[in-house]
Amino acid sequence: MGMEPEPLSFNTPEGDPVTWEVEAEPWHDPFERRLTLVVQGTRLVQRRVPRAEGRDREYLYDLLENEARMGARLLTRLRGDYPPELPRLLGYSLDAEEPFVLLSDRRGEPVTRYYGALLIAEQRGLQVSLFRAVRILSACGIVHRRIDPSTVRWDGTTVQLTDLSHATLAGTRRLRLGEAPYASPAQREGVGVASTSDDLWSAGMVLYRTITGRDVADRPDLAATPALQAVHDVFSGAPPTAGEVLARLRAPDPMQSIPVEQDLALEEGRVAFDRAREARRDPSDATAASAAPAFDDRTRVQPAPTGDEPRRTWLTRWLPLAVLLVLLLVLWLLASSSA
């Protein structure tokens, strides 16, 4: 029996309200299901926070919002040249009773299916594509923080790195997150600031596990694995950049062909996103929701400073200039009276 079409209302990443007619599969788990657009036949993924789950674990709302926040950041940087290695944000609804985000459809299968079974050409392709994903995230100032076999998918040609719910901005304070061997020691200990080196460690571990089929508790010994010599130092105290690893693999830097720039329409959508987020948290305070600060890349999941310039009030913006003008006026009056 076919699926019955149903309307789905949400906001686009630009902040525009739309309604699509979709055919929805049963929820794969309480948090995720696949949809098909009735008109185009396009497949997509809906991720939500169910009422019961959100009531017991409020932090799930933060993770969902962070998924949309990081997805919007990627869209504003990558614009029309969106890479296949990363999930694409298609929309969100944060003020719904069960808030959700819409993402491009999953590709391939989790790499757990390919442990120890990849051909030599596939082993290189997996490395190139995964480090392309890390390189692009790095260029956008994002650290994924949860690269592991459950978030890396492979379709035989290209990686898809999923789940941005735990991502943060490079340079923010590290929080204790993840477990060995996939999370870097610094990330597990929560010392220093988030860095692409965390993702390099995780990517190297995923590649070792997938290509060799062997499990490891800590740093792997790559001496007996010729296919992984390009990543031999990602576990060191001075790891290479993702671009340097790609160069060793004789693969071009993807950022040479992907412009990283702002998109004004999407920036306006970022403002609408924050307003919807504030409205969901305190729906009785419509005034506060309409005056919510613009999308500034902060989230309750990562409370540390982001490195972005904070938005300042009128008083803090102009008070120093006013004080300077008054001081100059006083000095001029003193000079005039003495003359």
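When you count the other C-beta atoms within 10 angstrom of each residue and take the mean per peptide, 177-188, 129-140 line up highest first as 129-140, 177-188. Considering only the Cα atoms of the stretch 94-154, their convex hull presents on average a projected area of 5.8 nm².
Which value, in debye to the nearest 20, gives the size of the charge dipole of the stretch 62-131 about its Cα centre, when Lys and Arg are +1 and Asp and Glu are -1 at the Cβ? Write down the numbers at each step before the final one.
On the way: 9 positive and 11 negative charges, 97 e Å.
Value, rounded to 20: 460 debye.
Compare MET255, MET70, MET3 by solvent-accessible area with a 1.4 Å probe and give them largest first, with all protein chains kept in place. Each step should come with its number before you reach the end.
Numbers: MET255 30, MET70 5, MET3 70 Å².
From most exposed to least exposed: MET3, MET255, MET70.
Which order do the peptides 22-28, 74-80, 6-12 come out in when sorted by mean C-beta neighbours inside 10 angstrom, highest first?
Details: 22-28: 13.9, 74-80: 18.7, 6-12: 15.7.
Most protected by this proxy first, the peptides run 74-80, 6-12, 22-28.
At an R0 of 51 angstrom, the distance between the Cβ atoms of GLU97 and GLN229 translates into a FRET efficiency of 0.45. Which value in nm describes the separation of the simple spin-label points at GLU58 and ASP105, placed 7 Å from the Cα toward the beta carbon? Once both label points are built, they end up 3.8 nm from each other. Our coupling estimate for the stretch 197-209, obtained by passing each phi through the Karplus curve with A = 6.51, B = -1.76, C = 1.60 and θ = phi - 60°, is 4, 5, 5, 5, 4, 4, 4, x, 5, 4, 5, 4, 5 Hz, Gly and Pro reported as x. Here the stretch 161-204 is scanned for amide nitrogen atoms under 19 Å from the site 7 Å beyond the Cα of ARG219 along Cα-to-Cβ, giving 179-192, 195-204. If I take R0 = 56 Å and measure r between the Cβ atoms of ARG250 and VAL18 in this structure, what FRET efficiency does the formula 1/(1 + (r/R0)^6) give, to the nearest 0.05? About 0.80, to the nearest 0.05. So what's the gap between the Cα centers of the stretch 157-183 and the stretch 40-63, to the nearest angstrom? Measuring centre to centre over Cα atoms gives 19 Å. For a paramagnetic label modelled on ALA117 (point 7 Å from Cα along Cα→Cβ), amide N atoms under 18 Å away belong, within the stretch 180-210, to 207-210.
Please give the FRET efficiency for ASP29 paired with ASP155, using the beta carbon to beta carbon distance and R0 = 25 Å, rounded to the nearest 0.05.
Working: r = 22 Å, r/R0 = 0.87.
Once rounded, the FRET efficiency stands at 0.70.
Tally up the carbon and sulfur contribution to the accessible surface of the stretch 38-131 as a whole percent, 1.4 Å probe, everything protein left in place.
Working: 1830 of 3890 Å².
Ligands and nucleic acids excluded, carbon and sulfur reach 47 percent.
The values are calculated or read from the model by the stated rules, or taken from the named source; none is laboratory data. Everything quoted here is computed from the prediction, not taken from an experiment. FYI the Cβ positions are ideal-geometry reconstructions off the backbone, even for glycines, and counts take in every protein chain you see. When the accessible area is computed, the model is the full protein with side chains, heavy atoms only, and any ligands, DNA or RNA have been set aside. Shrake-Rupley method; radii C 1.70, N 1.55, O 1.52, S 1.80 Å.
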